[in-house]
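Inspection log for the structure reproduced underneath, given as structure tokens.
The values are calculated or read from the model by the stated rules, or taken from the named source; none is laboratory data. The model shown is predicted, which means the values in this text are computed figures rather than measured ones. Every residue, glycine among them, receives a Cβ derived from its backbone with ideal geometry; neighbour counts consider all protein chains shown. The protein model used for the area step is the full one, side chains on, heavy atoms only, and it has no ligands, DNA or RNA in it. Shrake-Rupley method; radii C 1.70, N 1.55, O 1.52, S 1.80 Å.
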Amino acid sequence: MLKVSIIEVKTPDQSKQFVRFPMDLYKNNPYYVPAFINDEINIWNPKENPALQYSEAKQFLAYKNNTIVGRIAVIINHKEEKELGIRKVRFGWIDFIDDEEVSQALIQTAIDFAKEKNIDTIEGPMGFTNLDKAGMLTLGFDKLATMIGIYNHDYYPKHLEKLGLVKEKEWVEFELQFPEVLPDKIHKFNELISQKYHLKVLEFKTKEEIIEYVDPMFDLLDETYKHLSTYTPISDEQRKTYKEKYFKLINKDYIVCVADESNQLVAFAITMPSYSKALQKSKGKLLPFGWWHFLKAGKKNDRANFYLIGIHPDYQRRGVTSIIFKEIWKLFRQKGVKYLETNPELEENKSVQLLWQDYNPVNHKRRRTYSLNINNE
């Protein structure tokens, strides 16, 4: 029986192999969507990823018979430990062939790292922060992946459960088919809410006009999700990075901002055309011709993804979401979008799931993080 070797990523070539491994593993899978190669490489560059300023991280490759058969990253977020008192090793970027020796060797690598740091718990798959991709797919293996979700084979969770890891957190995702016509009561309710609270929908003629509202959007995210036990505020460095990373992909027409009579932002939502097929065709590269696929996907697409929503606590449960959804519906009718796929939502976050209740949501994907208490091994 061939032994699995685990090698820490140290060189630029190994870094490229680490990023490209899942692209080889899922080469013939019609549901896998690659990430941007350059973005994945930059995640491990302290100049590009501000989370590395307060995190420890290592990457590893698994070899068998001189062939790469798996990968894993281990992370300690010291900011999370300091602000929330949560002390754990996050593991992520975990991929492996259907070989229990390989998955065991990868998880053992995370365990060994935790022991070295005198930490009792490992959890994953997770990124550096709560805004990174998280959760191993447990339902929806036959559904096209999105840019904001992890895709994996159906044998992944089986391997982790056999190794003794247990469910820690669970997320649900929904697919919605938007109606051809909105009922009159929704139109009337929107008018009532707008008039009662003196709210208006902001209109942007150019993408640059959105820039002044980006920081208020981050502020609203903090206000919206600060009650969640795992949420840490977004740092200034992270804001800068996310602006640079995602602003080039944003389509101004797909952003809805609601302001009060003083022009203060009280709610926003960001949707985007689905770029999944564009990423598949471009194989994770914008150049030389990948940009063309993205341009086409932005102009003509019957599918969109819901990325972010933020609502100031003073306006939650006051019907503001109905204003947002009416605007989204108008946009989708204009753009020919018929289907909307939500981002992952924590299973217990019922208030978010209520947003979709009028649109016959179908829970088509589930994902979870797995944890292991090393003391119970």
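Here are the numbers for this structure:
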{"read-out": "Simple label model, 7 Å out from Cα along Cβ direction - Gln53 to Asn373, nm", "value": "3.6 nm"}
{"read-out": "For peptides 155-168, 280-293, sequence by mean Cβ density within 10 Å, most packed first", "value": "155-168, 280-293"}
{"read-out": "Dipole axis of the range 179-337 (+1 Lys, Arg; -1 Asp, Glu on Cβ), positive-most option in Val201, Ala269, Ala297", "value": "Ala297"}
{"read-out": "Cα→Cβ-extended label distance, 7 Å offset, between Lys79 and Lys115, nm", "value": "3.1 nm"}
{"read-out": "Rough spin-label spacing in nm, given labels placed 7 Å along Cα→Cβ, for Asp215 and Lys299", "value": "3.6 nm"}
{"read-out": "Calculated FRET value between Leu346 and Lys243, using beta carbons and R₀ = 35 Å, to 0.05", "value": "0.85"}
{"read-out": "Gained length - Asp154 relative to Gln14, 0.36 nm times residue gap less alpha-carbon distance", "value": "47.7 nm"}
{"read-out": "Cα-centre dipole for the chain with unit charges at Cβ (Lys and Arg positive, Asp and Glu negative), debye to 20", "value": "1060 debye"}
{"read-out": "Order of exposure, largest accessible area first, which applies to Arg367, Arg303 with probe 1.4 Å", "value": "Arg303, Arg367"}
{"read-out": "Relative contact order, percent, the range 145-270 [alpha-carbon distance under 8 Å, six or more residues apart]", "value": "26 percent"}
{"read-out": "Too-long pairs where the Cα-Cα distance tops 27 Å, listed order kept, from Lys240/Lys338; Lys10/Lys115; Lys243/Lys296", "value": "Lys240/Lys338"}
{"read-out": "Residue-normalised accessible area of the chain, expressed per residue, 1.4 Å probe, Å²", "value": "50 Å²"}
{"read-out": "Apportionment of accessible area to carbon and sulfur, the range 10-108, percent (1.4 Å)", "value": "45 percent"}
{"read-out": "Full-stretch length increase - Asp222, Asp98 - with 0.36 nm per residue and alpha-carbon distance subtracted", "value": "40.7 nm"}
{"read-out": "Under 18 Å from the Leu354 label point (7 Å along Cα→beta-carbon), backbone N, the range 235-278", "value": "267-268"}
{"read-out": "Most to least accessible of Tyr242, Tyr254 (protein chains only, probe 1.4 Å)", "value": "Tyr242, Tyr254"}
{"read-out": "Taking the chain and dividing mean pair separation by its residue count, relative contact order in percent (alpha carbons under 8 Å, at least six apart)", "value": "22 percent"}
{"read-out": "The chain: calculated mean residue ellipticity at 222 nm from DSSP helix runs of at least 4, using -39500 (n - 2.57)", "value": "-10500 deg cm²/dmol"}
{"read-out": "Gain on full stretching of the segment that runs from Gln316 to Asp39 - 0.36 nm per residue minus C-alpha separation", "value": "96.3 nm"}
{"read-out": "Accessible carbon and sulfur surface of the range 311-356 relative to its total accessible area, %, 1.4 Å", "value": "43 percent"}
{"read-out": "Backbone HN-Hα couplings from phi across the range 167-179 [Karplus 6.51/-1.76/1.60, Hz, Gly and Pro as x]", "value": "4, 10, 10, 10, 10, 10, 10, 10, 10, 10, 9, 6, x"}
{"read-out": "Percent of Cα pairs exceeding the 29 Å cut-off, where the set is the chain", "value": "44 percent"}
